[in-house]
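Asker: Could you have a look at this structure, given as structure tokens, before my questions?
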Amino acid sequence: MTQAPLAQRLAEGIAASGPIPLAQYMAEANAHYYATRDPIGARGDFTTAPEISQMFGELIGLWFADLWDRGDRPPVRYVEFGPGRGTLASDALRAMRKVGLEPPVHFIETSPVLRAAQAERVPDAEWHVDLVGVPDDAALLIVANEFFDALPIRQFVKTGEGWFERLVDCTSGVFHGVVGDRRFDQIVPQTLHEAPEGSILETCPAAIAVMRQLAARLHHQGGVALIADYGYRGPAAGETLQAVRGHAYADPFADPGEQDLTAHVDFGTLAQEAVAEDLEIYGPVEQGPFLEALGIGPRAASLAAAAPDRAEDIDIAKRRLTGPDAMGHLFKMLAVAAPGAPEPAGF
């Protein structure tokens, strides 16, 4: 029996039971979106840093290798959340091998389409739906590049009567946001209680759950995690929900499951969760200065010298990754390390 399109199923569910939380809408839309396509690259909807240049993955690989070396080279496992096409891992692992680090590879990925792409680039990887399946017999080198931004968020709207959750309704086949009838003042930070009417607070329970799981494993096993994403140090009021389709912004409530839904990452809240597990926090710092500190300038010069005909393209890629008017300012890096781990470079 053929399953009804996602938009139809969502509309029917809303018609039967009423508006649904934004988090539910976003979770179902993104689950369908990522399960049914490879969204990355010129023919997709967006491009990530590893796809712009091999320099990104190489520098992250050497960043991990440096920590491993200064930490007396313990047994480690490489773990990547949301590995995309496997490009970052392929580049990072290649750089690691050059300095004698060859860890087993674990990918946290649910999309069958992306798992197939990852297998082409990193055929020896093992796949899991979360950290539970990753063995606990070694320290962990964890990277999450543009993973947390796709996790479902809740939104709360300030009205004259207080803070209420934003829900998703459907009228004549058109999805749209509405304000629910249940107050949530008790979960809003005290600093935002006097925010003006119309203010929006975003929270991401899924991100907190992942961070708690990640932090607990690092505390138990040792290691470090590097989180790279676009975001801010919160909590703070402001709406960041957005949709991207064909490399252009789109209406988040149009065509659920057919476009990428994301929200800016609250690095402040992620850091607080890690601190609660007694981990060491570094950052967040902007991606541009981080990559510069790791040596993207000399690496770009080396690549250009080896391939003079590609020198201009290499310089353009470097500027896309580090420029304040490109990814260098908006994207942030947050490192979370086990107690006693060496201080990481770039912070």
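Asker: Mind counting the residues in segment 270-307 that are small (Gly, Ala, Ser), touching a residue at least 60 places away in the same chain (Cβ under 8 Å) and under 14 Å from LEU59 (Cβ atoms)?
Answerer: 2
Asker: Please determine, by comparing only the residues of segment 40-61 that are modelled with pLDDT of 85 or more and assigned to a loop (DSSP other than H, G, I, E, B), which one is surrounded by the fewest Cβ atoms within 10 Å (Cβ to Cβ).
Answerer: Among residues in segment 40-61 that are modelled with pLDDT of 85 or more and assigned to a loop (DSSP other than H, G, I, E, B), the one surrounded by the fewest Cβ atoms within 10 Å (Cβ to Cβ) is THR47.
Asker: Under the condition of being among the charged types (D, E, K, R) and more than 15 Å from GLN54 (Cα to Cα), which residue from segment 99-128 is least open to solvent (accessible area, probe 1.4 Å)?
Answerer: Applying the first criterion (among the charged types (D, E, K, R)) to segment 99-128 yields 102, 109, 115, 120-121, 124, 126.
From what is left, the residues that are more than 15 Å from GLN54 (Cα to Cα) are 102, 109, 115, 120, 124, 126.
Values: GLU102: 138, GLU109: 20, ARG115: 72, GLU120: 144, ASP124: 136, GLU126: 94 Å².
Step by step, filter segment 99-128, then rank; the result is GLU109.
Asker: Could you identify the single residue in ARG217, ARG182 that is charged (D, E, K, R), out of contact with any His (no Cβ under 8 Å at 6 or more places or on another chain) and in a helix (DSSP H, G or I)?
Answerer: Values: ARG182 fails: in a helix (DSSP H, G or I).
Just one listed residue meets the conditions, ARG217.
Asker: A follow-up question, please. State which residue pairs qualify: first residue touching a residue at least 24 places away in the same chain (Cβ under 8 Å) and inside segment 158-179, second residue of a type in the set (Lys, Arg) and in a strand (DSSP E or B) in any location, beta carbons under 6 Å apart, and separation of 6 or more residues or different chains.
Answerer: If the second residue must be of a type in the set (Lys, Arg) and in a strand (DSSP E or B), the pairs left are GLY177/ARG166.
Asker: Scan segment 73-91 and tell me whether some residue there is in a helix (DSSP H, G or I), more than 22 Å from ALA263 (Cβ to Cβ) and open to solvent by 60 Å² or more (accessible area, probe 1.4 Å).
Answerer: Step one: of segment 73-91, the residues in a helix (DSSP H, G or I) are 87-91.
Next, only the ones that are more than 22 Å from ALA263 (Cβ to Cβ) stay: 87, 89-91.
Retained after the next criterion (residues that are open to solvent by 60 Å² or more (accessible area, probe 1.4 Å)): none.
No, every residue in segment 73-91 fails to be in a helix (DSSP H, G or I), more than 22 Å from ALA263 (Cβ to Cβ) and open to solvent by 60 Å² or more (accessible area, probe 1.4 Å).
Asker: Considering each of THR269, THR240 in turn, give the residue that is in contact with a His (Cβ under 7 Å, 6 or more places away or on another chain) and β-branched (Val, Ile, Thr).
Answerer: Values: THR269 fails: in contact with a His (Cβ under 7 Å, 6 or more places away or on another chain).
Testing whether each residue is in contact with a His (Cβ under 7 Å, 6 or more places away or on another chain) and β-branched (Val, Ile, Thr) leaves just THR240.
Asker: Continuing with this model, one more query. State which residue pairs qualify: first residue closer than 8 Å to GLY257 by Cα and inside segment 20-34, second residue open to solvent by less than 40 Å² (accessible area, probe 1.4 Å) and assigned to a strand (DSSP E or B) in any location, beta carbons under 8 Å apart, and separation of 6 or more residues or different chains.
Answerer: Within 8 Å, the pairs are ALA29/LEU261; ASN30/ASP260; ASN30/LEU261; TYR33/ASP260; TYR33/LEU261.
Asker: Consider PRO21 carefully, then state whether it is open to solvent by 20 Å² or more (accessible area, probe 1.4 Å), under 25 Å from ALA215 (Cα atoms) and touching a strand residue (DSSP E or B) at 6+ places or on another chain (Cβ under 9 Å).
Answerer: no
Asker: Scan the strands (runs of 3 or more DSSP E) fully inside segment 236-342 and keep the ones with 2 or more residues being open to solvent by 10 Å² or more (accessible area, probe 1.4 Å). Step through it out loud before you land on a result.
Answerer: Values: elements: 242-245, 248-250, 260-262, 280-286, 331-337.
Correct list: 242-245, 248-250, 280-286, 331-337.
Asker: Which one of PRO205, PRO189 is surrounded by fewer than 16 Cβ atoms within 10 Å (Cβ to Cβ) and under 18 Å from the mean Cα position of the chain (by Cα)? Steps first, please.
Answerer: On the way: PRO189 fails: under 18 Å from the mean Cα position of the chain (by Cα).
Every option except PRO205 fails the conditions.
The values are calculated or read from the model by the stated rules, or taken from the named source; none is laboratory data. Since the structure is predicted, the reported quantities are computational estimates derived from the model, not experimental observations. Because the Cβ atoms are built from the backbone with ideal geometry, glycine has one as well, and the counts that use them run over all protein chains shown. Side chains are part of the model used for accessible areas, which takes the heavy atoms of the whole protein and leaves out ligands, DNA and RNA. Shrake-Rupley method; radii C 1.70, N 1.55, O 1.52, S 1.80 Å.
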